[in-house]
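First the structure, in the form of structure tokens, and then the observations on it.
The values are calculated or read from the model by the stated rules, or taken from the named source; none is laboratory data. All values derive from a computational prediction rather than experimental measurement. Here the Cβ positions follow ideal geometry from the backbone for every residue, glycine too, while neighbour counts run over all protein chains shown. Calculation scope for accessible area: heavy atoms of the full protein, side chains included, ligands and nucleic acids excluded. Shrake-Rupley method; radii C 1.70, N 1.55, O 1.52, S 1.80 Å.
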Amino acid sequence: MSASGKIPGVVTRFAPSPTGFLHIGGARTALFNWLFARHHGGKFLLRIEDTDKARSTEPAIAAILDGMRWLGLDWDGHEYYQSQFWARHAEVAHQLLERGEAYRCWMSQEELAAQRGQAQAERRPFRIDSPWRERTDEGEGPAAIRLKAPREGETVIEDKVQGRVTVQNAELDDFILLRSDGSPTYMLAVVVDDHDMGVTHVIRGDDHLNNAFRQLAIIRAMGWPEPTYAHVPLIHGPDGAKLSKRHGALGVDSYRDELGYLPEAVGNYLLRLGWGHGDDEIISREQAIEWFDLDHVGRSPSRFDFKKLENLNGHYMREADDGGLSDLILPRLPAGSDRDLLIRAMPELKARAHTLLELADNAAFLFAKRPIAPDAAASALLTRESLDALKQAHEALAALAKWDAGSVEATIRDVAESAGLKLGKLAQPLRAALTGRTTSPGIFDVLVLLGRDESLGRIADRIGAD
């Protein structure tokens with residue numbers, strides 16, 4: 001809770017990506033904001049920071065909203081668009097001007113470049129030193145409005161994740177609030193929007209920590225309540241380097257569509273990237289809401305680990321409803337695939353898969369068209385010796401009066417014993433003939449799922465193929 005005891009109001013901000021997706025790091029930040037608001041009974045607001053019109057296309061914004069919904073991160077009220085409030089941003093800039101907390105600046109690009117070059121030559125950080133800060137006359141043409149940043153003392157932020165962070169005010173520059181064309185800068189817009197939307201807690205990536213000091217200068221100049229800050233370390237790759245596409249810095253839609261993960265697994269994994277509750281790894285959304293706090297967000301960057309995500313996804317797939325899983329993978333299977341057959345097979349199929357892609361791949365044998373083309377590993381099992389055993393199995397199975405798990409199991413075991421083979425020596429080539437693979441559900445389950453006619457037909461194809 002904030003010091004004033006107000007119910008928290010937090011906001012997740014999204015600037016549409018040039019690649020048009022909801023970045024996985026942004027999704028984690030949204031999750032932390034959402035959990036904090038839900039834990040405290042506060043408000044979770046969604047704002048699209050669409051001031052960059054080239055990036056803020058309809059598909060890019062739709063990808064953000066779609067990703068949020070897929071992860072189950074609902075927001076209170078409608079989503080906000082920063083561009084709707086430009087008039088309000090400009091109003092605040094002029095209020096700062098009237099208060100003496102800002103000034104009009106007519107510095108040219110040549111003057112700025114000269115100052116930047118001098119700073120580089122003197123090997124010191126560049127800070128704008130505008131001659132218009134104390135001038136009372138006016139220049140020619142439209143002017144930008146700059147904040148008159150404090151130059152003495154220091155600014156301290158008691159960050160809920162980073163702890164006490166201090167910056168000397170001499171390091172802050174007089175940044176632009178309103179450009180000479182009248183458009184607001186991000187630095188101004190985000191502060192005004194947060195204030196007007198009642199945001200009490202700013203939870204975001206620690207790459208924004210430096211911005212917090214500049215934004216706080218605006219807040220103090222306006223005399224507004226200061227938010228509570230929590231800057232969360234970014235996600236790194238397994239090698240400790242900044243997360244990149246090769247590490248998994250993909251959009252949320254890629255985790256769903258291209259990689260085949262469930263939203264429950266992605267949400268659980270993102271929660272554990274930088275936050276923990278003892279040794280708990282499997283955490284339901286209800287538990288996450290109950291347990292989440294900022295005190296247990298770590299200060300060190302988390303490392304993305306696909307193996308852990310896969311294991312989590314496997315857990316959630318095993319727990320998932322068979323009909324629901326079937327509906328998720330049906331679009332990945334041949335048109336017209338039998339949903340009822342898929343549901344019957346699902347208990348066996350999902351026990352052997354970590355992603356929806358694996359699940360669909362494992363289920364493909366059910367709907368394959370004859371003759372089945374075995375892969376290289378399966379072909380290696382179909383030797384002349386094994387084909388002889390398959391002929392015996394085909395003959396015995398064809399004679400069955402009843403086709404069920406008990407009957408086919410007893411028959412295959414009898415054939416193996418009669419041929420002097422261990423069960424595996426018959427089951428493996430039989431699996432290769434029926435599925436074209438060396439892995440599948442149990443061979444007796446495969447026979448039952450495929451049914452009499454399909455099973456006998458696939459075995460006959462292999463016997464006749466030699």
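Pairs under 7 Å by beta carbon, first residue without any contact (Cβ under 8 Å) to a residue 24 or more places away in the chain and under 24 Å from Leu112 (Cα atoms) in region 153-181, partner among the small types (Gly, Ala, Ser) and surrounded by fewer than 18 Cβ atoms within 10 Å (Cβ to Cβ), six or more apart or different chains?
As it stands, the answer is Asn169/Gly153, since those pairs meet every condition given.
Which residue, of Ala393, Ala373, is open to solvent by 80 Å² or more (accessible area, probe 1.4 Å) and more than 36 Å from the chain's Cα centre (by Cα)?
Ala373 is the lone residue from the list that is open to solvent by 80 Å² or more (accessible area, probe 1.4 Å) and more than 36 Å from the chain's Cα centre (by Cα).
How many residues are assigned to a strand (DSSP E or B) and either open to solvent by less than 30 Å² (accessible area, probe 1.4 Å) or within 12 Å of Phe85 (Cβ to Cβ) (or both) when one looks only at region 175-213?
8
Out of Ile7, Ile61, which single residue is open to solvent by 10 Å² or more (accessible area, probe 1.4 Å) and either in a strand (DSSP E or B) or modelled with pLDDT of 80 or more (or both)?
Matching residue, one of Ile7, Ile61: Ile61.
If you check Leu421, Leu430, which single one turns out to be of a type in the set (A, V, I, L, M) and at pLDDT below 95?
Leu421 is the lone residue from the list that is of a type in the set (A, V, I, L, M) and at pLDDT below 95.
So, in region 407-428, how many residues would count as being buried (at least 16 other Cβ atoms within 10 Å of the Cβ) and among the hydroxyl-bearing types (Ser, Thr, Tyr)?
Residues that pass the stated criteria total 2.
Of the residues that sit in region 144-173 and are of a type in the set (Asp, Glu), assigned to a strand (DSSP E or B) and surrounded by fewer than 18 Cβ atoms within 10 Å (Cβ to Cβ), which one is nearest to the chain's Cα centre (by Cα)?
That would be Glu158.
How about region 226-248: which of its residues are out of contact with any Ser or Thr (no Cβ under 7 Å at 6 or more places or on another chain), of a type outside the set (A, V, I, L, M) and more than 26 Å from Lys307 (Cα to Cα)?
Glu226, Tyr229, His231
Filter region 327-355 for residues that are within 17 Å of Glu258 (Cα to Cα) and free of Cβ contacts under 8 Å to residues at least 24 places away in the same chain and give the result.
If the condition is that a residue be within 17 Å of Glu258 (Cα to Cα) and free of Cβ contacts under 8 Å to residues at least 24 places away in the same chain, then Asp327, Leu330, Pro331 are the ones that fit.
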